[in-house]
Amino acid sequence: MRRVFLLGIVCMAALACAQPQPSRPVTMKELLLQELHETHDRKDWFVSAREATAGLTAEQAAWTDGKGNHSVGQLLYHLAFWNDDALARLKGSPHSFNGANDDTFNKYDPKDWEATVKKFNDGMTEIEKIVENADDAKLATIAPLVAHICTHNAYHIGEMVVVRKLQGSWNPENGVK
């Protein structure tokens with residue numbers, strides 16, 4: 001409980017510095033939902049996955065720089081995989097993956113690009129609904145996992161933007177010059 005409280009304070013402090021002061025304190029639920037949406041479908045300080053993947057063809061999503069970096073498709077597949085794992089844990093199932101993390105990137109198939117985008121979006125929407133419907137006691141138990149989902153997503157979304165810049169398929173009007 002102490003960790004959740006401290007996490008909440010750190011997140012709220014960061015939010016307070018980043019946004020105009022609200023007329024009332026931000027709740028844990030509001031903060032978690034904001035973070036989820038900002039890595040899913042709402043651009044704010046950085047682009048969300050929606051902007052990072054927008055307009056990509058399956059061929060573009062499979063592009064790599066040839067230096068060992070992942071493609072946008074591999075990165076989104078990885079996020080969808082781990083978000084689905086987290087979703088199962090949010091629903092009460094234990095963490096069950098015991099394979100190699102490289103598989104969560106390398107099993108991506110470019111012919112499944114649209115399905116991968118859908119899987120990511122559907123998983124994020126379901127996680128958002130769980131947070132929306134959670135009471136304070138439930139939020140206190142799931143907040144660390146939800147915060148990790150957001151941080152993990154943000155990290156790899158940044159990689160997607162870099163890959164697209166290297167590829168020449170990034171439109172700086174999407175939020176990153």
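Coordinate-derived values only; no laboratory data. Note that the coordinates shown come from a computational prediction; the quantities given were computed from them, not determined experimentally. In this analysis, Cβ positions are derived from the backbone assuming ideal geometry, glycine residues included, and neighbour counts consider all displayed protein chains.
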Radius 15 Å from Cβ of ARG89, net charge of other residues (Lys, Arg +1; Asp, Glu -1): -1
DSSP H segments from the chain that extend 15 Å or more along their own axis, Cα-based, with Kyte-Doolittle mean of 0.5 or above: 2-18
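Cβ under 12 Å from LEU139's Cβ, LEU139 left aside: what net charge do those residues give with Lys, Arg +1 and Asp, Glu -1? List each step's numbers first, then the result.
Working: positive: LYS29, LYS138; negative: GLU30, GLU132, ASP135, ASP136.
Taking every other residue near LEU139 into account, the sum is -2.
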Inter-site label distance for VAL26 and ASP103 at 7 Å from Cα along Cβ, in nm: 3.7
Tensor-based shape of the chain (alpha-carbon gyration tensor, a/c under 1.5 rounded, otherwise prolate or oblate): oblate
Cβ-defined net charge surrounding ASP122, 15 Å radius [Lys, Arg +1; Asp, Glu -1]: -2
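About the Cα centre of the stretch 28-174, how large is the charge dipole given +1 on each Lys and Arg Cβ and -1 on each Asp and Glu Cβ? Please answer in debye to the nearest 20.
Here the stretch 28-174 has a charge dipole of around 140 debye.
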